[in-house]
Amino acid sequence: MPSTESRSDQHPEPTADPLPSPRLSMLARFRRIMKWMAMLSIAVAAIAVVLVTSGDNGVHVHMLIATALGAGLTVLLASALMTLAFLSSSSGHDDQARGAGNKNQQ
């Protein structure tokens, strides 16, 4: 006895996965890059502390803390700003801003 249901009722068509949000994918990319840059800044801070301690016998704890924070945070800030510039350029926001400026000048 044949079934009265059509073939489409038995096997529904698969739906495509929705595209990820560009904002969320950029945020995930930024976080991934910053994790690596955070590890790099910790390594730079450690190298800076080792270099300071190897140069002088009268090293104070406060000077080591200041050296670690200064070197580490400087590298972290520089890498964060460069990452933001890189992501902004690759997302196309710079092209949109450049195009808007040219329209106003004409």
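The values are calculated or read from the model by the stated rules, or taken from the named source; none is laboratory data. Small disclaimer: the values here were computed from a predicted structure and weren't measured. Virtual Cβ from ideal backbone geometry, glycine too; neighbours counted across all protein chains shown.
Got a sec? Which of M37, M26, M63, M82 is modelled with pLDDT under 90 and either in a helix (DSSP H, G or I) or among the polar types (S, T, N, Q) (or both)?
M26
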**region 61-73, residues that are surrounded by fewer than 12 Cβ atoms within 10 Å (Cβ to Cβ) and among the β-branched types (V, I, T)** = V61, I65
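For V59, state whether it is on the phi < 0 side of the Ramachandran plot and touching a helix residue (DSSP H, G or I) at 6+ places or on another chain (Cβ under 6 Å).
When the stated conditions are applied, V59 passes them.
Name the residues in region 44-60 that are surrounded by 13 or more Cβ atoms within 10 Å (Cβ to Cβ) and either in a helix (DSSP H, G or I) or aromatic (F, W, Y) (or both), would you? Break it down stepwise before answering.
Initially, region 44-60 is screened for residues surrounded by 13 or more Cβ atoms within 10 Å (Cβ to Cβ), giving 44-46, 48-49, 52-53, 59.
The answer is V44, A45, A46, A48, V49, V52, T53.
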